Amino acid sequence: MSIPKVLKVLQEKGEISDELDYALMKYLLQNRGTGFTPCQPMLVELEDGIKAIKLSIDNTFVGKDNKLMGLGIIGLIYVDMENYNVLYATSKEELNTNINRLEEAGVKPQPRPHGKY
């Protein structure tokens with residue numbers, strides 16, 4: 001699966017439904033493992049004319065005092081706007097490589113808000 005080419009951004013920021021958020025969390029958990037959260041939805045038109053939701057993937061975990069923490073953006077996921085099929089998601093290997101890069105660069109985890117962000 002190769003990364004789609006974005007022709008244009010239709011909406012820079014937005015929100016996704018709780019149902020889609022749950023479906024994407026479930027997809028990432030089943031296909032990439034724990035610690036990955038889709039965030040920062042953007043509506044885009046892809047090179048082939050498909051309208052899609054482009055989301056970043058954040059590395060998240062429960063830190064001290066049971067606070068939700070995030071290391072940063074480590075990948076992307078694209079979802080077809082029409083039927084909500086996943087068109088592309090960064091591979092588990094690349095996600096892990098990107099986590100290692102952030103840790104080696106000394107990036108410190110930051111608190112994440114609860115709910116949508």
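Coordinate-derived values only; no laboratory data. Treat the numbers as computed from the prediction; the structure is a model and nothing was measured.
Karplus-derived 3J(HN,Hα) values for the range 71-86, using 6.51 cos²θ - 1.76 cosθ + 1.60 with θ = phi - 60°, are 8, x, 6, 10, x, 9, 9, 10, 10, 4, 5, 6, 10, 6, 6, 6 Hz; glycine and proline are entered as x. Listed by chain and number, the lysines whose C-alpha is less than 21 Å from the C-alpha of Lys54, apart from same-chain residues fewer than 8 away, are Lys5, Lys8, Lys13, Lys26, Lys92, Lys116. Computed from backbone phi, the HN-Hα couplings of the range 88-101 come to 7, 8, 3, 5, 4, 4, 5, 4, 5, 4, 5, 4, 4, 4 Hz, rounded to whole numbers (Karplus: 6.51 cos²θ - 1.76 cosθ + 1.60, θ = phi - 60°; Gly and Pro given as x).
Under the criterion of Cα pairs below 8 Å and six or more residues apart, the relative contact order for the chain equals 23 percent.
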